[in-house]
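The values are calculated or read from the model by the stated rules, or taken from the named source; none is laboratory data. Only a predicted model underlies this, so the values are computations on that prediction, with no experimental measurement involved. Here the Cβ positions follow ideal geometry from the backbone for every residue, glycine too, while neighbour counts run over all protein chains shown. In case anyone asks, the SASA skips ligands and DNA or RNA and just uses the protein heavy atoms, side chains included. Shrake-Rupley method; radii C 1.70, N 1.55, O 1.52, S 1.80 Å.
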Amino acid sequence: MKPPQVFGTLSVFWILHSVNGDILISKPLPKSIIADQGKDVRISCGVKVPEHLNEEKMRIRWKHNGHYIHDKDHSDKYTIEDGEQTLLISNVEGSNAGVYSCVVIIDHARDLASGKLIVREPPDAPREVSIISCSGNQVELIWKKGEDGGAEITHYLVQFNTSESPDNWMYYYDEIPGEVETTYMNLSPWGTYSFRLLAKNDVGFSKPSEPTKQQCTTPPERPGGNPKDVRTLTHKMGKLIVTWTPMARLLHNGPGFKYAIFWRRKGSTYWNKNIVENSNAKMWEVSVNDTYTLYEIKVKAMNQIGDSRQPAFIYLGYSGEGEPTVIPKDFRLDRTKQVEAHKAHFIWEAVDTAEGKIQGEFRGYKLRYWKSSEGRHKWKEVDILITKADHGRLNVRAAIDDLPAYTALRAQVSVMNTHYTGPPSQTIDFTTPEGVPDPVRDLRIEAHGTTYALLKWLPPEEPNGLLLGYDIGYQQINEEVKGPKRQLRPQIDSPDTLGARITGLSSNHDYRFYVYARTKMGRGEESYIDVKTKDGEPPDTPQPKFMTLDQTSVNITWTPYRLIDVSYVLEYRLAGQAHWSVANSEWGRSWMVINDLMPDMEYEVRLKAKNKYGDTASSTLYRVKTQPRQGRDAHLYQQDEPPNSGSAFSGASTLYKSLSSYITRTTMLQTSLYLVIVNLLLH
């Protein structure tokens, strides 16, 4: 990380002027500047060109200790700025100190000015650190100071380690003034120590010195203190659990370190005692015949020399909690507030919070609820925390969010202390109303071409009511700009329809499609997906010709589309039926025969062209009537040609004509996009 930039301006003192007497460096500058290691420094050279000289021929060069600075050779350290009149030195260090010169040359005129940069660094490490004396629990150190780095040494810090952890260097708590070179230190008993020093000036700390060659060993004695943070835990019923912070090795003061645990019920005079031999222990427990009862406890440090010199403090703590015995009464829905799709309000009588009934520290209530269809083994829990300010209230009110909508639910409430929950209240039943559904799942592009996209999805995880169908919207995306969001019509009015084919798109364009599930309460949160249509043209509308028509077959031909990657499908069905049959086809053929037709029946026939991307174009819908076994001739009806009035399908023909007229008018008045619903049950 680059250090903060603190710029200094180095002004230079005069060395010489040009032989013709012209003064080119006009601004007087200080002789020196002091900069701390790691800072950035700017050296500026103020130049003024006399009128009789050509400024365009001016050259400025910079020197460091008499050697020219070349930008290319020192690009990481030096930068020339301000028309070569300023030299920037980045992240200065000791090697950058010295004399800097600004040389200005215009034709035969020459001027030069120089100044000195002084770089201050952290001091050198202290030298020859050694132990003068080691007696009892005290040691005397002596050393020699190193170079101060250009800034006065303000103080020293002592580090020490022990023979048990030679790589763990710890700081001594006292700072030593920078003008002294010896010090006394008090040490903990029962340790073997080495020492080293660091020097500090205004720039920073030195590196650590070499460790002392000698070591200082202190004699053992009794511990000087006792463990801190003594308290009890209450999570185990029938147990008194005492915990503390283990004492560090330097505080053991002698071999055989251990802890003595003392405990008694509050008000009792007799102390129980137990010894914990493990010096790293931090917890001890004992079985007791009471629940959430107040005890006096203390923990004392000991070693082979004796008990701690310091008396152990007495702390108060409780034994383990138990299950509350009190049950909330009159648990019911709060009729002053309406049950919402995802939220319900409850009310019940506050309980007596006496310790004997709560058997622990009263925290509040636990409200549980579950779906009636699933059973309480799948219940969910909500903690209702009660503050001391609310303890005096007669009734408790609470609300639960995130309930499932349009669901029959059951609920109950219990008292809770820190670790346990009591018996439940009576169970109540309620039902949440409908809400808007969750987003649809797994929205994906099943296929897309130059002018269409086929969307598929799965129903929402939580419908939150009776699904009525799905809404679909889209917008065109142009780089980072999104066009207006439009709704497609008609929308889907069946919850079983899990797909849609959207046509009429522009080729080689980016689109974003939105799908929403819908209940009577409205539509839910959107899911969306992006797609880019293929680059190309959809196939032309095919123009079939009917060549022969007899009792059981029809022969159809057409002029192939100009692209070789277009295939054709011939579909037919009995007039008035929903299901289409497909005639057998072969790639590259421009004719087809529909066989196995029934005599004297009317059929609907259409020819569809399809390119390699799945774009389709369908011909006009034709209706043909096969020849009877005896009697009348076969007949072909165009979509816009009504059959003779004696036909049983005259009404259907009029419907096709009306549909054709309606589609034509709609296409002229509205957008070219239209929606073809895909019922996944048919795939």
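Beyond a 24 Å Cα-Cα separation, which of these cross-linked pairs lie in this structure: 343/456; 456/485; 371/520?
Where the Cα-Cα span goes over 24 Å, the pairs concerned are 343/456.
Give a quick list of GluC sites (Glu not before Pro) in segment 542-631 that DSSP marks as loop, anything other than H, G, I, E or B, with at most 10 other Cβ atoms within 10 Å.
586
Segment 182-228: which trypsin sites (Lys or Arg not before Pro) are DSSP loop and have at most 12 other beta-carbon atoms within 10 angstrom?
213
Name the long-range amide H neighbours of residue 536: under 5 Å, sequence gap of 5 or more, or other chain; modelled H, no Pro or chain starts.
508
In Å², what does the accessible area per residue of the chain work out to with a 1.4 Å probe?
That works out to 55 Å² for each residue.
Calculate the dipole size of segment 441-580 relative to its Cα centre from +1 charges on Lys and Arg beta carbons and -1 charges on Asp and Glu beta carbons; express the result in debye to the nearest 20.
For segment 441-580, the charge dipole is close to 300 debye.
Name the GluC sites (Glu not before Pro) in segment 409-482 that are in a loop by DSSP and that have at most 12 other C-beta atoms within 10 Å, would you?
In loop regions of segment 409-482 (DSSP not H, G, I, E or B), the sparsely surrounded GluC sites (Glu not before Pro) are 461, 479, 480.
Put +1 on the Cβ of every Lys and Arg and -1 on every Asp and Glu Cβ in segment 412-479; which of 430, 467, 414 then has its Cα farthest towards the positive end of the dipole?
Among 430, 467, 414, the one farthest towards the positive end of the dipole of segment 412-479 is 414.
If you roll a 1.4 Å probe over segment 201-321 with all protein chains in place, what percent of the accessible area is carbon or sulfur?
That fraction is 50 percent.
Leaving out ligands, DNA and RNA but keeping every protein chain, what accessible area does residue 326 have, in Å² rounded to the nearest 10, with a 1.4 Å probe?
Ignoring ligands and nucleic acids, residue 326 comes out at about 30 Å².
Under 23 Å between alpha carbons, and skipping anything fewer than 8 positions from residue 144 in its own chain: which lysines qualify?
Correct list for residue 144: 200, 207, 213.
Quick one: dipole size for segment 338-460, taken about the Cα centre, charges +1 on Lys/Arg Cβ and -1 on Asp/Glu Cβ, in debye to the nearest 20.
It comes to approximately 160 debye.
Tell me, what % of the accessible area of segment 531-622 is carbon and sulfur with a 1.4 angstrom probe?
In segment 531-622, the share of accessible area belonging to carbon and sulfur is 47 percent.
Step through the table entries 357/378; 482/608; 239/388; 63/145; 258/298; 366/388, compare each Cα-Cα distance with 24 Å, and write down the pairs that go over it.
Long pairs (Cα-Cα over 24 Å): 357/378; 482/608; 239/388; 63/145.
If you average the C-alpha positions of segment 395-453 and of segment 324-370 separately, how far apart do those two centres end up, in angstrom?
Segment 395-453 and segment 324-370 have Cα centres spaced 19 Å from each other.
Can you tell me the 0 to 90 degree angle between the C-alpha axis of helix 650-669 and the longest principal axis of the chain, rounded to 10?
With rounding to tens, the tilt is 40 degrees.
Leaving out same-chain residues fewer than 8 places away, which aspartates and glutamates sit with a Cα under 15 Å from that of residue 337?
Partners within reach: 401.
What is the percent carbon and sulfur in the accessible area of segment 346-456, measuring with a 1.4 Å probe over the protein chains and ignoring ligands?
Here carbon and sulfur together make up 46 percent of the probe-accessible area.
What is the dipole size for segment 382-448, taken about its Cα centre, with +1 at each Lys and Arg Cβ and -1 at each Asp and Glu Cβ, in debye to the nearest 20?
Dipole magnitude for segment 382-448 comes out near 360 debye.
Positive end of the dipole of segment 427-525, charges at C-beta (+1 Lys, Arg; -1 Asp, Glu), about the Cα centre: which of 458, 477, 521 has its Cα farthest in that direction?
477
Hey, can you grab everything whose amide H is under 5 Å from the amide H of residue 69? Only 5+ residues off in sequence or another chain; H modelled, so Pro and N-termini drop out.
For residue 69, whose amide H was placed from the backbone, the distant partners under 5 Å are 62, 63, 64.
Do the sum for the chain: with -39,500 (n - 2.57) for every DSSP H run of n ≥ 4, divided by all residues, what is the mean residue ellipticity at 222 nm, to the nearest 500 deg cm²/dmol?
Computed ellipticity for the chain at 222 nm equals -1000 deg cm²/dmol.
Among the aspartates and glutamates, which have Cα under 16 Å from the Cα of residue 57 when same-chain residues fewer than 8 positions away are ignored?
Partners found: 22, 84, 107, 111.
How large is ³J(HN,Hα) for each residue in segment 225-240, as worked out from phi by the Karplus curve 6.51 cos²θ - 1.76 cosθ + 1.60 (θ = phi - 60°), to whole Hz, x for Gly and Pro?
Running phi through 6.51 cos²θ - 1.76 cosθ + 1.60 with θ = phi - 60° gives x, 10, x, 9, 6, 6, 7, 10, 10, 10, 7, 10, 5, x, 10, 9 Hz.
Name the residue from 162, 197, 214 whose Cα lies farthest towards the positive end of the charge dipole of segment 154-252, charges +1 on Cβ of Lys and Arg and -1 on Cβ of Asp and Glu.
162
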